[in-house]
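Input: a single structure, listed below in structure tokens.
Nothing in this text is a laboratory measurement; each read-out follows from the coordinates by a stated rule. Predicted model, so just to flag it, every value in this text is computed and none were measured.
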């Protein structure tokens, strides 16, 4: 893949799209590609997370650390570890390749440095995150309203 192909791929990731092509070029240049064979572990639940992985090819089974949570399958275009781009955290699940797979790793340090160098991109990302937070708040309010019997106040 060329850098232009990587930029076009990154533009399809919802959280990265608002950054714009110039900022995404920095991420595309600095991202690390890794190939994994079927059964190979990308990361384990509980591991420190210092960045995100974007599935370019193949798929991964995500086995959550918490008992009772369902496993998920992540395919191309999935960003694993979005929160790790912004803050120190731990992996909530183990990611295991189900087939020959390829990921792009974006380190938190590089992501933050890119945001510092492109304040307009950082502002657009902040606006997207704020809009998502507002949407979540409305969703929670709708659930609360649905669960609260008529006439009761909270």
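Can you list the equivalent-ellipsoid semi-axes of segment 1-82, largest first and in whole Å, using the square root of 5 times each Cα gyration tensor eigenvalue? Don't skip to the end; give the middle numbers.
On the way: eigenvalues 129, 38, 28 Å².
Here the semi-axes work out to 25, 14, 12 Å.
Rounded, prolate or oblate: which fits segment 3-147, taking a ≥ b ≥ c as square roots of the Cα gyration tensor eigenvalues, rounded meaning a/c under 1.5, else prolate when a/b beats b/c?
Values: a/c = 1.78, a/b = 1.00, b/c = 1.77.
Oblate, because a/c is 1.5 or more while a/b does not exceed b/c.
For the Cα atoms of the chain, what angle does the longest principal axis make with the long axis of helix 108-117, in degrees from 0 to 90, nearest 10?
The angle comes out at about 90 degrees.
From Cα pairs below 8 angstrom and at least 6 apart in sequence, can you work out the relative contact order of the chain, rounded to a whole percent?
After rounding, I find 28 percent.
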